[in-house]
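The block underneath contains the structure these notes are about, expressed in structure tokens.
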Amino acid sequence: MNNAMKHGQTLLTEGEDALRDVQLAHKPLRFDRIGLWTLALAIGGGFAYTVGTNKNFGWPIVAQYFFDPAVIQGLTVTLGLTVVAMVLGVILGLLLAVARMSKDRLASSLSSLFIWFFRGTPLLVQLIFWYNLSTLFPKLSIGIPFGPTLASWNTNDLVTPVTAAIIGLALNEAAYMAEIIRGGLLSVDRGQSETAEAFGMTRARALRRIILPQAMRSIVPPTGNQLISMIKATSLVSVIAMADLLYSVQSIYNRTFEVIPMLLVAVVWYLLITSVLNVGQGAIERYYSRGDRGQQLAARKEPETALTGDAA
Amino acid sequence: MSPAIANTPLVRARNVHKSFGPLEVLKGIDLDVASGEVVTILGPSGSGKSTFLRCINHLESINQGLIEVDGEQIGYRLQKGRLDKLPNRAIAAQRRKIGMVFQQFNLYPHMTALENVIEAPVGVHGQNSKEARRYATELLARVGLSEKVNSYPRQLSGGQQQRVAIARALAIQPKLLLFDEPTSALDPELVGEVLTTMRDLASQGLTMIVVTHEIGFAREAADRVVFMDDGSVVEVGPPEEVISRPQHPRTRSFLSRFI
Ligand SMILES: Nc1ncnc2c1ncn2[C@@H]1O[C@H](COP(=O)(O)OP(=O)(O)O)[C@@H](O)[C@H]1O
Ligand SMILES: [Mg+2]
């Protein structure tokens, strides 16, 4: 029989059993699924066509301004702010998370207070406060409380729109990241930190080598989320006169009155950045789930096994 | 070596008390373990065996009494007649002489078997990475896992994971090895391979304290058996006495469950 030859001796050959061998099974054609796919593609294609050919969207203008120097400048500001605020936010968030989980009452209360305040108030308001810090505190100084002053600066020299934006975004981000990281640290089995401790690791080392790498699996997805919100949240800094992506397209349409096309320029840029981030997030997630993958990885490393085995 | 030092036990526990809140779990444990000795601790569940083991490397702090390992009081330092609590770093340093094997293996799941074994030697003891790898490969071979050096814990059976955990504990060249029910989480057919590994270690002169329900292992491999019940040591002696001719009725009733 043809099939018997194809699959060699593994195929059942006795009577009807030969036909019942599940390795010969076909997947049924699902006409309902095909119908739904066709419908979805038709609707999607139709929508794309209408939007693409609608003159009101002004696609030629979108194309014309897509790489406009002012837009690119704004894009750079948005990306720069996002990266700096996110990096600072993650570092501070990690410190806050560790402080909040520590047995030290002072550290954990201070951390809780910080998180409570910065999550509990609108980012827009925080940004405006930082920007207007000089009206509250005209001078900033370092010194001993109620004692002599060691150094002092004009607040306006320190808190420019850039620093106000960075401080505002980073502190706000830190509060959210602290809770994400704390959730991740709590998700790791308690036996792991205990084992690290039993082997004489310091707390810091146990955190870095044992706990965090395992916590990353539950930290990365919500952090990706945060990063994407952050990119969009940077558009709030236009209220404190920072020329980010949104601000730059706004200043163009204030001149040309091409509101929709210019907003589309921003929308497409935001979507592009987000797509790139999604790809990056997928890669990071795969990296941190490496202990989970089955034979695939073991098989790939086999030659190395043989080598080390020989060396012994 | 002077005879005084030679006679000092490696582990010395004196009147060890430990409470969790109102619950007194250890009610004055006295135990000496000589260098090279294998001691197994038997006893019903909840009698405080794990707690005692965890007090030895200060995973739990004790409320009364003292524990010494290799001549150093664990967790404290006596200086000019005053007893001070040691800072975390100093306690971490004391733990580096003590290897531990857990009931749930507790391998680091994001590291391969080899990485699990070299983590403490390289990261904590500052060993040269190449030398540590060589020794780790040798240890993994000794526990019969040459084929699995690059496998992740989830790709290993329970028995294999526990043998990696044993190799990991050996890699720090400990003066003392603590085992907390190393075979209790294993399927019955995998218990044998782990016990064989442990018997090998016992015959090589390592100092081991083993909490276990494997009476057979205690009988063959132990120099002394400790029977604990309700936070106290009820009976101590060589296995042929404690297991074969138990003196105390509680020991007798406990052991009768295994026949
Ligand atoms: N961290 C803890 N907090 C409160 N009670 C505990 C803790 N650890 C152990 N116990 C209690 O201490 C007693 C002894 O536990 P354990 O030492 O684990 O016993 P064994 O290992 O002999 O089964 C048990 O009653 C247990 O519930
Ligand atoms: Mg126990």
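The values are calculated or read from the model by the stated rules, or taken from the named source; none is laboratory data. Values in this document were obtained by computation on a predicted structure and should not be read as measured data. Positions of Cβ are backbone-derived with ideal geometry, glycine not excepted, and every protein chain shown enters the neighbour counts.
Restricting attention to segment B:209-217, does a residue exist that is away from ligand 1 (no atom under 16 Å from the Cβ) and either under 14 Å from the mean Cα position of the chain (by Cα) or surrounded by fewer than 21 Cβ atoms within 10 Å (Cβ to Cβ) (or both)? Yes, because at least one residue in segment B:209-217 is away from ligand 1 (no atom under 16 Å from the Cβ) and either under 14 Å from the mean Cα position of the chain (by Cα) or surrounded by fewer than 21 Cβ atoms within 10 Å (Cβ to Cβ) (or both). The single residue among B:A165, B:A132 that is away from ligand 1 (no atom under 16 Å from the Cβ), under 16 Å from A:Q192 (Cβ atoms), at pLDDT 95 or above and part of a helix (DSSP H, G or I) turns out to be B:A165.
Candidates are the residues of segment B:54-67 that are surrounded by fewer than 18 Cβ atoms within 10 Å (Cβ to Cβ) and not in a loop (DSSP other than H, G, I, E, B); the one that is farthest from ligand 1 (Cβ to nearest atom) is B:L66. Which residue is farthest from the other protein chains (Cβ to nearest Cβ), if the candidates are limited to segment B:48-85 and must be within 15 Å of ligand 2 (Cβ to nearest atom) and in contact with a Ser or Thr (Cβ under 8 Å, 6 or more places away or on another chain)? For segment B:48-85, the residue satisfying everything is B:C55. Only one entry of B:L201, B:L177, B:L190 meets the criterion of being part of a helix (DSSP H, G or I), under 23 Å from B:N57 (Cα atoms) and not polar (S, T, N, Q), and that entry is B:L201. Whether a residue is assigned to a helix (DSSP H, G or I) and closer than 17 Å to A:A178 by Cα was assessed, and A:R119 passes this test.
You will find that of A:K55, A:K27, A:K103, the residue that is closer than 30 Å to A:S251 by Cα, charged (D, E, K, R) and modelled with pLDDT under 95 is A:K55 and no other.
Can you find a residue in segment B:146-158 that is away from ligand 1 (no atom under 16 Å from the Cβ), crowded, with 23+ Cβ neighbours inside 10 Å, assigned to a loop (DSSP other than H, G, I, E, B) and not β-branched (V, I, T)? There is at least one residue in segment B:146-158 that is away from ligand 1 (no atom under 16 Å from the Cβ), crowded, with 23+ Cβ neighbours inside 10 Å, assigned to a loop (DSSP other than H, G, I, E, B) and not β-branched (V, I, T).
A single entry from B:A132, B:A136, B:A92, B:A34 fulfils the requirement of being aliphatic (A, V, I, L, M) and surrounded by fewer than 18 Cβ atoms within 10 Å (Cβ to Cβ): B:A34. Hey, among A:V125, A:V84, which residue is part of a helix (DSSP H, G or I) and in contact (Cβ under 8 Å) with a residue 12 or more places away in the chain? Going through A:V125, A:V84 in turn, just one is part of a helix (DSSP H, G or I) and in contact (Cβ under 8 Å) with a residue 12 or more places away in the chain: A:V84. Scanning segment B:8-53 for residues that are within 13 Å of ligand 1 (Cβ to nearest atom), aliphatic (A, V, I, L, M), touching a residue at least 60 places away in the same chain (Cβ under 8 Å) and closer than 14 Å to B:V226 by Cβ yields a count of 5. On the basis of being at the interface with chain A (Cβ under 8 Å from one of its Cβ atoms), part of a helix (DSSP H, G or I), touching a residue at least 40 places away in the same chain (Cβ under 8 Å) and among the charged types (D, E, K, R), does B:E138 make the cut? Here the answer is no, as B:E138 does not meet what is asked.
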